[in-house]
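Visitor: Can you read through this structure? Questions will come right after.
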Amino acid sequence: MTTHAGEKRMSRGRPRGFEEGQALEAAMLLFWKKGFAKVNLTQLCREMGAPRQSVYHIFGDKRQLYIRCIHHYLETRLAPMLQQMAAQEDPILGIKEALQFFLNQSTENQAPGCFVANTLIDIGDSDPEISTLLQGALEQLEQGFYKALQRARKNGSLAQDKKPLKISRALTNTFLGMATLSKANPSTRMVRDVYDGALSMVS
């Protein structure tokens with residue numbers, strides 16, 4: 001009986017035709033473009049296609065929704081990219097594809113930069129829970145690069161004198177740099193220069 005009642009309450013909180021994944025995508029893009037502080041609940045409700053009561057009922061307050069959006073980004077953007085890099089038979093090509101992924105995000109007009117990097121800039125360490133979540137994402141990225149570089153050195157496509165750990169950390173910071181530049185400078189030339197420099201580390 002308790003579960004059935006809970007399901008009824010949830011159904012009453014959802015507008016007809018509401019799809020949670022689409023709503024999270026819409027909220028994420030708005031946060032991504034404007035930043036946490038510059039988004040209000042009225043804007044979120046409009047973008048998500050749901051009334052304020054439904055948003056509170058399903059996602060919680062603005063901060064809780066923001067955290068859900070971070071998880072959504074990690075699940076729909078970062079995780080598939082890392083899986084693709086790990087599955088790429090040519091590890092150097094996998095790394096280049098990952099860098100291209102971040103370049104595309106950093107030069108995208110709709111929401112420039114990377115959502116993780118933008119959040120790090122906007123939130124910093126002011127929210128420990130969000131900071132820990134983002135640091136975990138960066139560690140996953142660094143590990144993805146590191147494993148690919150280890151495979152590359154093993155198969156001979158990366159010179160033996162190159163250090164996978166140092167390069168993986170440099171590549172992770174390159175991704176953060178591209179995202180930061182894309183927010184600070186409307187020109188894509190500098191972002192592409194950083195991207196080219198990253199490619200030289202693995203060429």
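The values are calculated or read from the model by the stated rules, or taken from the named source; none is laboratory data. As the structure is a computational prediction, the values presented were derived from the model and not from experiment. Cβ placement follows ideal geometry from the backbone for every residue including glycine, while neighbour counts extend to all protein chains displayed.
Visitor: Determine which member of the set Arg68, Arg77, Arg46 is charged (D, E, K, R), without any contact (Cβ under 8 Å) to a residue 40 or more places away in the chain and surrounded by 15 or more Cβ atoms within 10 Å (Cβ to Cβ). Step through it out loud before you land on a result.
Guide: Values: Arg68 fails: without any contact (Cβ under 8 Å) to a residue 40 or more places away in the chain; Arg46 fails: surrounded by 15 or more Cβ atoms within 10 Å (Cβ to Cβ).
Of Arg68, Arg77, Arg46, the one residue that is charged (D, E, K, R), without any contact (Cβ under 8 Å) to a residue 40 or more places away in the chain and surrounded by 15 or more Cβ atoms within 10 Å (Cβ to Cβ) is Arg77.
Visitor: Which of the residues that make up the stretch 52-61 are basic (Lys, Arg) and in contact (Cβ under 8 Å) with a residue 24 or more places away in the chain? Before you say what the answer is, go through the steps one by one.
Guide: Quick first cut of the stretch 52-61, residues basic (Lys, Arg) only: 52.
Once the filter is applied, which keeps residues that are basic (Lys, Arg) and in contact (Cβ under 8 Å) with a residue 24 or more places away in the chain, the stretch 52-61 yields nothing.
Visitor: Of the residues that sit in the stretch 80-91 and are loosely packed, with under 14 Cβ neighbours inside 10 Å and not small (Gly, Ala, Ser), which one is farthest from Ala27 (Cα to Cα)?
Guide: Ranking the qualifying residues of the stretch 80-91, first place goes to Glu89.
Visitor: Something else now. Residues that are closer than 21 Å to Ala37 by Cβ: list the helices (runs of 4 or more DSSP H) wholly contained in the stretch 88-195 that include at least 3 such residues. Show your work before the answer.
Guide: On the way: elements: 91-106, 115-123, 128-155, 164-184.
It comes to 115-123, 128-155, 164-184.
Visitor: Oh, and also: Can you pull out every residue in the stretch 156-203 that is within 20 Å of the chain's Cα centre (by Cα) and charged (D, E, K, R)?
Guide: Arg169, Lys183, Arg192
Per-residue answers, yes or no, for (1) farther than 19 Å from Tyr73 by Cα; (2) free of Cβ contacts under 8 Å to residues at least 12 places away in the same chain:
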| position | (1), (2) |
| --- | --- |
| Thr107 | no, no |
| Gly113 | no, no |
| Thr119 | no, no |
| Ser131 | no, yes |
| Glu139 | no, yes |
| Ala148 | yes, no |
| Ala152 | yes, no |
| Leu158 | yes, no |
| Pro164 | yes, no |
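Visitor: A further question on this structure: Out of (1) of a type outside the set (Phe, Trp, Tyr); (2) touching a Cys at 6+ places or on another chain (Cβ under 7 Å); (3) surrounded by 14 or more Cβ atoms within 10 Å (Cβ to Cβ); (4) more than 22 Å from Ile121 (Cβ to Cβ), what's the single condition that is false for Arg52?
Guide: Going through the list (1) of a type outside the set (Phe, Trp, Tyr); (2) touching a Cys at 6+ places or on another chain (Cβ under 7 Å); (3) surrounded by 14 or more Cβ atoms within 10 Å (Cβ to Cβ); (4) more than 22 Å from Ile121 (Cβ to Cβ), Arg52 breaks only (3).
Visitor: (1) more than 14 Å from Lys96 (Cα to Cα); (2) surrounded by 12 or more Cβ atoms within 10 Å (Cβ to Cβ): which one isn't true of Asp161, the others all being true?
Guide: For Asp161, the failing item is (2).
Visitor: On to the next question. Hey, which of the helices (runs of 4 or more DSSP H) in the stretch 1-66, taking only ones fully inside, have at least 1 residues that are at pLDDT below 90, of a type in the set (Val, Ile, Thr) and farther than 22 Å from Leu78 by Cβ? Let's see the steps before the verdict.
Guide: Values: elements: 2-13, 20-34, 41-48, 52-59.
In the stretch 1-66, the matching helices (runs of 4 or more DSSP H) lie at 2-13.
Visitor: Shifting gears a bit: Which numbered condition in (1) surrounded by 18 or more Cβ atoms within 10 Å (Cβ to Cβ); (2) closer than 14 Å to Tyr66 by Cα; (3) among the small types (Gly, Ala, Ser) is the only one that Ser106 fails?
Guide: Every condition holds for Ser106 apart from (2).
Visitor: Continuing with this model, one more query. Conditions: (1) touching a Phe, Trp or Tyr at 6+ places or on another chain (Cβ under 8 Å); (2) without any contact (Cβ under 8 Å) to a residue 24 or more places away in the chain. Gly124 meets all but one. Number of the miss?
Guide: (1)
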